[in-house]
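Below: the structure, in structure tokens.
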Amino acid sequence: MPPSLTGAMNLLSVQQARERILHSIQSVGQTIIPLDQAARRVLARDIHTADDFPLFDNSAMDGFAIRSSDSSTSSVTLHVVSDIPAGTDLTRGVHQLAPGEAARIMTGAPLPGGADAVVPVEETDFNSRDPGSPAPAHVTISRLVKPGENIRRRGSDIQLGQTILTAPARLRPQDIGLLAMLGQETVPVYELPRVALLSSGDELLPVGEQLTGGRIHDSNSPMLAAQIEEAGAQVIRLGVAPDERTAVESLLERAATSDADLIISSAGVSVGAFDFIKEVVEMKGKLDFWRVNMRPGKPLAFGEYRGIPFIGLPGNPVSAFVTFEVFARSAIEKLSGLEPRPGRRITVRLAEAVESDGRESYLRAIVGEDGSAKLTGHQGSGNLLSLVDANALLIIPAGVKSRPAGQEVEAWLV
Ligand code: AMP
Ligand code: MG
């Protein structure tokens, strides 16, 4: 029997549960949006250029465009016949260098005909570099200049037809810059996935309402909404359903009619007498599984409601956070059109002994510069402060009950 199932009959391993969830999720549709709205969106198709870049030969320096054959190892003085700022249209006016002639030229300005090199202003006798100073009548150059010096040739960075961005990928600021450089006004992207979010529990009150006996604030909704948005999806906030069949059903119905691509709930999926979520999901959908061999987060439900994938996270705040990161984030990545990837893992050394109960455990810890890991406090799944204080979750594999100080374990940076 695989270790993940030892002492945990009917429980899926974390890996199996991830696979089952990802297997039943498809990416959302594609659309075309303006470039200025495309940051962080997921590119849906490869981008090929429709032109060269640069589009014309131009100067890489502020200086003088010359014919390199005019230069020599001794000094030569050239007649400055034109002044070419960036943005000059060379088809207007005379910008053609004859032997013995030079043009003052600025970085990015098009190279005049006849010129094949640019000498930086610092390497000439022309010292007046104040903004607005007119071009001199003559310029002296005292070294041999090679053809091509300080010239950016047409197509030297990017050639027509080249693939410059490969889909799928989340567009970063530098990608947006590149698309703008090539004049791409619109971008093919995946739609933003829509995730309906609900909490459940009679004890929950929204933040801002005065707590009365036995009540607590609904902290999962704001936390999970932030996680959903950070994962790149839109949140449809449905609020809290009290622990009644009809209340749970009415929120799930609202989720179904709100055009959601995924429904995420928290709490009400355990074995409590008022845990109705599983039952209501099964009325109009089906449950695929509802327990995973992990800690925190064993009561995790997955299925579909009216054809929409449904993830029922546990209610304890740390369990809700961790199971979102392990399962729901990847589900949102897949919906978004991305290849889902587990979070970044590193190997760390335990500064203290740790214990587990044999489930795959995610322990809140702080990993220091030296790679040593210390737990941030007691590991109760309601202790959100010990999660806030942590910068990593130590992963203790299923089947392992303790690890001594000094041992190496895998850690997942959060
Ligand atoms: P349950 O899964 O409904 O048994 O909830 C497990 C624990 O998590 C209980 O202590 C709940 O009060 C708590 N809990 C459930 N939902 C939330 C929530 N939205 N915010 C904060 N705590 C919650
Ligand atoms: Mg409850």
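Only the coordinates and a few stated rules stand behind these numbers; no lab work does. None of the values given here were measured: they were computed from a predicted structure. Positions of Cβ are backbone-derived with ideal geometry, glycine not excepted, and every protein chain shown enters the neighbour counts.
Once you have the Cα-Cα distance between Thr140 and Arg172, take 0.36 nm times their residue separation minus that, and quote the gain in nm to one decimal. Numbers along the way, then the final one.
Details: separation 32, 0.36 × 32 = 11.52 nm, distance 4.56 nm.
Residue separation times 0.36 nm, minus the Cα-Cα distance, leaves 7.0 nm.
Over the stretch 273-414, what is the percentage of antiparallel beta bridges among all DSSP beta bridges, to the nearest 5? Please report the intermediate quantities before stating the final value.
Working: 28 of 32 bridges.
If I count the DSSP bridges inside the stretch 273-414, around 90 percent turn out antiparallel.
How large is the helix-only mean residue ellipticity at 222 nm for the chain, computed as the sum of -39500 (n - 2.57) over DSSP H runs with n ≥ 4, divided by its residue count, in deg cm²/dmol to the nearest 500?
On the way: 8 runs with 70 residues, N = 414.
My calculation for the chain gives -4500 deg cm²/dmol from helical runs alone.
Contour minus end-to-end for Ser69 and Thr91, with contour as 0.36 nm per residue of separation and end-to-end as the Cα-Cα distance?
Difference between extended and current length: 5.5 nm.
To test your reading of the geometry: what angle, between 0 and 90 degrees and rounded to tens, separates the Cα axis of helix 220-230 from the longest principal axis of the chain?
Taking Cα atoms only, the helix is inclined about 30 degrees.
Note down the relative contact order for the stretch 58-152 as a percent, whole number, built from C-alpha pairs under 8 angstrom at least six residues apart. List each step's numbers first, then the result.
Numbers: 233 pairs, mean separation 42.1, N = 95.
Relative contact order of the stretch 58-152: 44 percent.
Full extension from Thr31 to Asn391: what is 0.36 nm times the residue separation minus their Cα-Cα distance, to one decimal in nm? Please list the in-between numbers first.
On the way: separation 360, 0.36 × 360 = 129.60 nm, distance 3.68 nm.
Result for the pair: 125.9 nm of gain on full extension.
Helix 14-23 against the longest principal axis of the chain: what's the angle in degrees, Cα atoms only, rounded to the nearest 10?
Tilt relative to the chain: about 70 degrees.
With an 8 Å cut-off on Cα pairs and a minimum separation of 6 or more residues, tell me the relative contact order of the chain in percent. Don't jump to the answer; show the numbers that get you there.
Working: 949 pairs, mean separation 68.3, N = 414.
16 percent.
Cα centroids of the stretch 22-71 and the stretch 311-371: how far apart, whole angstrom?
Comparing the Cα centres of the stretch 22-71 and the stretch 311-371, I get a distance of 36 Å.
Starting from the Cα of Ser24, step 7 Å along the direction of its Cβ; do the same at Leu211; then give the gap between the two resulting points in nm.
3.6 nm
For the chain, find the longest principal axis of its Cα atoms and tell me its angle to the long axis of helix 245-257, 0 to 90°, nearest 10.
20 degrees
Counting Lys and Arg as +1 and Asp and Glu as -1, what is the net charge of the other residues whose Cβ lies under 9 Å from the Cβ of Arg359?
Numbers: positive: Arg295, Lys298; negative: Asp357, Glu360.
Charge balance in the 9 Å sphere: 0.
Which percent, to the nearest 5, of DSSP beta bridges fully inside the stretch 345-413 are antiparallel? Walk me through the intermediate numbers first.
Working: 19 of 21 bridges.
The antiparallel fraction comes to roughly 90 percent.
Could you check the spin-label model distance between Thr246 and Arg153? Points 7 Å from the Cα along Cα→Cβ, value in nm.
Each label point lies 7 Å from its Cα, and together they span 7.9 nm.
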